[in-house]
Structures are given as structure tokens and as C-alpha cells.
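Peer 1: Below you will find the structure I want to go over with you.
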Amino acid sequence: MLAHRTVSVALAVPALAGGALLLSAGGAAASPQPFPVSLSGSNEPQGGLPGSSGSATVTVDPASGQVCVTVTTSVTNGVAMHIHRGAPGAEGPVVVPFEAKHINAGRACVAADTAVAKAIAADPAAYYLNIHTKAAPAGALRGQLAAATPTGVDAGSGGAADPGPGPGTTAALVVLMVAGAGVAGSAGWRLVRR
């Protein structure tokens, strides 16, 4: 009877450890996520500022609600900068405002509602960043947030990403390896003990 309990405990411990690994792997998705933005005056539905262009990186932390932006543009004298909810070509409400002084001036961070931050992180293409100027008060230039470039992109294959084993597979393999090691270790331990 003692041997049966030993095996049960030996099997339960790796299963619990595996569950902890799965939980910690799931928590990694809540870390700050960067989203690149390609800005252009031609993206503005009302015309924008002709010839204007730029790039930005919006970083969203779904857990804390912090949203940061770094912007480099050809626009000078910006009067406002916002993240809006809206599809390409459509106008939408402001969900995250930034101070205009941060246009072309390094990284700026604001505290947003965590529900908004989570929504942006879950579907970045449903949001856009735009910059307003006195000459183009409705919007000088804008761009949709895009998902960050996936890891494993092969630049020599035209940018096609290696699909890999799929979401959650790594965590599942780690759990199986830990559980397998625990079972093998318990079998070895029982042999030594007897």
C-alpha cells in the first residue's frame, strides 16, 4: 500500500508543477506588447497633410493599462496626438490621448483604462494613431496599429513567418517533459528505496 501512495504522490507533484508552468506561460501574454504604426497623410479620410509621413511604435501593457508611444514624423507644429478606435478609412472615438509635445520628442506614456489597453492588445488593427496640426485640424496623418513582427521571420523568404508548432504547444511540451521526468524520477526513486 505504501508503494501505491508513493506513486500517486510522485505523479501528482509533476502534474502540479506542470499546471504552474502553464499558468506562468499564460501570464507572459499580458506583458507589454509593441505595435508598429506606419503614418501617412493619405491615410486620413479627409485628406490629411499632403506628403506627410512617419512611423511610430505603440506599446501597450494590458495588465497595468500603460500605453506608450514613440513617434517620428515629417510633421512639425503638431497640436494633438491620439489613439482612436476605428477601421482603416473610418473615423472613430479617441480612446488614448497623448500630449502634442511628445510628437517627434521621444517616448511618451499615459495611463489608460485596463479594459481599453486589453482591447487594443487583443485587436490592434481595430485602432489607429493620428496626429493633428493647425493646417489639418481633422488629422494631418494617421496609421493603423499592426501586430508586431512575429519571431521566426525568415527575411530571405519574403517575410513569411515560420508557423511553428502553434499556440500553447511549447507550454504543453514543457509540461509533458516535466511530468515525464517526474514519473521517470519516481520510478528510479522507488527502485532505490526498495
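Peer 1: Quick test of your reading of the structure: Glu99 fulfils all but one of (1) acidic (Asp, Glu); (2) more than 20 Å from the chain's Cα centre (by Cα); (3) within 19 Å of Ala63 (Cβ to Cβ). Name the failing condition by number.
Peer 2: Glu99 satisfies every listed condition except (3).
Peer 1: Among the residues of segment 83-93, are any surrounded by 15 or more Cβ atoms within 10 Å (Cβ to Cβ) and more than 18 Å from Gly139 (Cβ to Cβ)?
Peer 2: Checked against the condition, which is being surrounded by 15 or more Cβ atoms within 10 Å (Cβ to Cβ) and more than 18 Å from Gly139 (Cβ to Cβ), segment 83-93 yields no hits at all.
Peer 1: Among Val110, Val69, which is closer than 27 Å to Gly51 by Cβ and surrounded by 14 or more Cβ atoms within 10 Å (Cβ to Cβ)? Give the derivation first.
Peer 2: Numbers: Val110 fails: closer than 27 Å to Gly51 by Cβ.
Going through Val110, Val69 in turn, the sole match is Val69.
Peer 1: Testing Glu99 on (1) touching a strand residue (DSSP E or B) at 6+ places or on another chain (Cβ under 9 Å); (2) surrounded by 13 or more Cβ atoms within 10 Å (Cβ to Cβ); (3) over 16 Å from Leu145 (Cα atoms), one condition comes back false. Which one is that?
Peer 2: Of everything listed in (1) touching a strand residue (DSSP E or B) at 6+ places or on another chain (Cβ under 9 Å); (2) surrounded by 13 or more Cβ atoms within 10 Å (Cβ to Cβ); (3) over 16 Å from Leu145 (Cα atoms), Glu99 misses just condition (2).
Every number here is computed from the coordinates shown, using simple stated rules; none is lab data. Being a predicted model, the structure only gives us computed values, none of them experimental. FYI the Cβ positions are ideal-geometry reconstructions off the backbone, even for glycines, and counts take in every protein chain you see.
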